[in-house]
Ligand SMILES: Cc1ncc(C[n+]2csc(CCOP(=O)(O)OP(=O)(O)O)c2C)c(N)n1
Ligand code: SF4
Ligand SMILES: [Mg+2]
């Protein structure tokens with residue numbers, strides 16, 4: 001999809017929402033919705049995007065919207081999509097609809113994981129979009145299983161003896177690929193065309209699709225609001241957040257940095273990693289670098305790039 | 001044309017679901033409800049219904065998907081029991097708060113722990129304040145009739161609230177009973193087509209369901225919900241009247257059994273009311289003026305009507321198949337006692353908690369409750385307000 005062409009399309013998530021300035025969640029949702037050619041039903045898990053876009057009596061969504069709870073957007077949209085199939089089958093409606101479930105990393109990797117997995121396994125014709133900002137931001141920056149190792153969050157604080165989060169991120173995109181659904185992708189807002197192209201494929205594919213998108217959160221990342229998108233580019237250039245897609249089981253790499261950057265370039269601009277640059281944490285940064293290198297190799301391998 | 005059939009409670013509830021022909025059913029199996037969803041799955045597999053059956057991975061997702069399907073504008077049902085109902089708990093409130101007319105059979109079973117698969121009402125009683133309409137049934141016939149009427153009651157424009165149609169696990173769900181089911185076209189006509197006013201699958205008029213509702217509006221919305229609940233009783237009676245026209249069977253908010261001239265009575269709900277009727281009959285033969293009040297509509301609680309029906313008694317015992325662990329007795333006891341207090345009725349009221357985890361309740365035990373009541377009347381003195389019936393010391 002051409003950027004110019006996409007820019008002409010009507011906005012589906014309008015202004016007036018209450019997301020923080022520089023919040024990636026809104027940017028990601030808007031870009032993805034631009035790829036939809038039908039009226040949609042948007043489902044949102046509890047989280048920043050949900051609380052900021054539908055505060056009664058207002059809604060920032062042009063489409064029908066449903067928020068049910070934190071952990072069940074996968075099941076909720078399953079129900080909406082099943083109603084649609086039933087009514088269509090009975091000849092009670094003939095319009096085409098798109099169905100999209102949106103969750104933050106908490107609502108997707110953690111508490112909503114079962115509901116997501118069930119929805120994908122059952123094969124509903126729906127898109128699941130995860131905007132991954134790496135923590136429970138809405139409730140004040142608590143760690144999730146998507147939080148990067150070493151990050152300082154309010155439940156994995158950097159302290160005198162523990163330097164932030166102890167575990168590496170869960171590789172959810174891989175897990176979704178293991179569901180053998182028609183389309184899985186990882187994307188980033190610094191490549192809007194790539195993101196919209198992936199969203200378009202996700203909407204068009206017959207059956208479930210899952211897209212995981214890195215979404216900057218200046219509050220939680222302790223980064224500058226105006227630098228969010230730049231940070232997502234650094235995430236790709238350091239191979240912290242690789243861009244790839246899995247179409248009918250085929251892995252494909254969508255972005256290969258010209259010069260792979262050191263992980264410190266990703267860590268340094270973010271206050272949540274500040275403590276990692278104290279002398280005693282040098283080894284930890286090295287370890288993180290090694291982990292990223294290994295992971296990058298795995299991806300290259302799967303995508304037939306090695 | 002009604003049909004005489006011999007079916008288990010689960011089978012006849014599956015028949016009710018087939019006849020209602022919901023657009024979507026999202027359900028998860030749990031004993032003692034399992035046969036209901038199995039039989040219904042077969043109806044789906046054989047093309048006997050238009051239903052999309054969503055084979056969810058849990059009851060939490062069953063209720064979540066049912067909420068999605070109902071909000072989308074379709075007629076949606078699910079069914080569960082015990083731990084399954086408990087797993088739905090969070091979403092029960094979302095279904096009622098969103099004013100979705102979902103109908104859900106609940107096959108009553110004891111809540112864990114310890115785990116037990118047999119009948120008591122701890123599951124449904126735990127959900128009694130979740131904003132759902134709750135019906136209880138003496139037998140499979142009533143459960144079937146309640147399910148069909150519940151569709152109309154839930155979807156009524158003055159109500160728009162979900163309904164739980166309770167039936168006792170095993171005792172009703174697994175016992176074969178001779179009963180009458182309506183003809184398919186009679187049910188089809190009675191429930192009619194469902195048309196939601198506002199729904200997701202309407203691109204002409206998109207809506208936002210489940211927005212963040214803060215201090216400035218939440219309370220008003222809860223107030224509207226309370227008003228809807230107030231409207232339930234009238235609608236239940238109207239629908240019952242109409243249902244009588246096609247079925248010949250009569251329903252109210254509760255049933256009074258030999259209560260007119262009774263001096264002592266028990267209040268109960270569920271299958272035990274059948275046992276209680278036998279006890280009342282035996283006592284009547286001995287010349288004891290015994291009676292029974294069988295609750296059909298438990299939520300909303302018809303407090304005034306029940307108090308009026310009990311006010312001329314000398315003493316009443318309330319049977320509860322659930323414990324509240326409040327030290328103040330069972331849930332039905334609390335409701336009935338409050339209702340009697342409100343009309344300043346001069347009736348001694350005692351409580352009997354019985355049948356937990358499927359412990360049988362026998363006619364003789366209920367007769368012993370009446371003996372206790374006679375004692376209360378004679379001495380004018382309640383020795384023990386809260387009693388446990390049929391439990392070993
Ligand atoms: C069952 C339940 N548990 C906890 C919460 C509290 N809660 C609301 S949003 C949220 C975190 C959301 O995190 P995420 O999904 O990453 O979205 P974000 O806020 O980061 O956009 C939590 C913990 C809740 N609403 N419901
Ligand atoms: S806290 Fe973070 S995720 Fe939430 S609205 Fe602000 S920037 Fe967005
Ligand atoms: Mg998050």
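What follows is calculated from the coordinates using simple rules that are stated; it is not laboratory data. Just so we're clear, the structure is a prediction, and the values are computed from it rather than from any experiment. Don't worry about glycine lacking a Cβ; one is built from the backbone with ideal geometry, like all the others, and counts go over all protein chains shown.
Applying Stokes-Einstein at 10 °C and 1.306 mPa s to the Kirkwood radius of the stretch A:96-204, computed over alpha-carbon pairs, gives a translational diffusion coefficient of 105 µm² s⁻¹.
Helix A:282-302 versus the longest principal axis of chain A: what is the Cα-based angle in degrees, 0 to 90, to the nearest 10? Tilt of helix A:282-302: around 40 degrees.
Sorting A:149, B:222, B:294 from the fewest to the most surrounding beta carbons within 10 angstrom yields B:222, A:149, B:294.
By the helix-only formula, in which each DSSP H run with n ≥ 4 contributes -39500 (n - 2.57) and the sum is divided by residues, chain A has a 222 nm mean residue ellipticity of -10500 deg cm²/dmol. Listed by Cβ neighbour count within 10 Å, with the fewest neighbours leading, B:354, B:341, A:255, A:84 appear as B:341, A:255, B:354, A:84. Taking each DSSP H run with n ≥ 4 as -39500 (n - 2.57) and averaging over every residue of chain B yields -13000 deg cm²/dmol at 222 nm. The GNM of chain A, with springs linking C-alpha atoms under 10 angstrom apart, assigns the highest mean-square fluctuation among A:150, A:22, A:91 to A:91. Between B:216, B:320, B:168, the GNM of chain B built on Cα springs shorter than 10 angstrom shows B:216 fluctuating the most.
Counted residue by residue at 0.36 nm each, then reduced by the alpha carbon distance between them, the extension gain from residue B:214 to residue B:391 reaches 58.9 nm. From the alpha carbon centroid of the stretch B:167-214 to that of the stretch B:15-52 is 12 Å.
Here chain A has an Rg and Dmax of 18.9, 68 Å, counting Cα atoms alone.
To the nearest ten degrees, helix A:228-237 and the longest principal axis of the Cα atoms of chain A are 70 degrees apart.
For chain B, relative contact order (Cα pairs under 8 Å, six or more residues apart, normalised by length) works out to 16 percent. Taking 10 °C and 1.306 mPa s as conditions, the stretch B:254-389 diffuses translationally at an estimated 109 µm²/s according to Stokes-Einstein applied to its Kirkwood radius (Cα pairs).
Taking chain B as the reference, fit the longest principal axis to its C-alpha atoms, fit the long axis of helix B:363-379 to the helix C-alpha atoms, and give the angle between the two in degrees, 0 to 90, nearest 10. On a 0 to 90 degree scale, this one is about 50.
When DSSP beta bridges are restricted to pairs lying wholly in the protein assembly as shown, around 25% turn out antiparallel.
Taking every pair of alpha-carbon atoms in the protein assembly as shown, give the share separated by more than 32 Å as a whole percent. In whole percent, the share of Cα-Cα pairs in the protein assembly as shown beyond 32 Å is 56. Derived from the Cα gyration tensor, the three semi-axes of the equivalent ellipsoid of the stretch B:68-150 are 21, 17, 10 Å, largest first. Taking other C-beta atoms within 10 angstrom as a stand-in for reagent exposure, A:115, B:74 fall in the order B:74, A:115, fewest first. Quote the FRET efficiency, to the nearest 0.05, computed for residue A:294 versus residue A:265 with a Förster distance R0 of 25 Å and r equal to the Cβ-Cβ distance. FRET efficiency, residue A:294 to residue A:265: 0.85. What separates the Cα centres of the stretch A:135-199 and the stretch A:46-91 is a distance of 23 Å.
Taking every C-alpha pair closer than 8 Å and separated by at least 6 residues, the mean separation divided by the residue count of the stretch A:73-138 gives a relative contact order of 46 percent. Treating each Cα of the stretch B:300-341 as an identical point scatterer and summing with the Debye formula, the log10 of I(q)/I(0) at q = 0.19, 0.29 Å⁻¹ comes to -0.56, -1.07. Antiparallel as a % of all DSSP beta bridges within chain A, to the nearest 5? Looking only at bridges with both residues in chain A, the antiparallel portion is about 30 percent. For chain B, the pair-distance distribution built from all alpha carbon pairs, in bins 10 Å wide starting at 0, is 5, 24, 33, 24, 11, 3, 0, 0 percent. Bridges between two residues of chain B, per DSSP, are antiparallel at a rate of about 25%.
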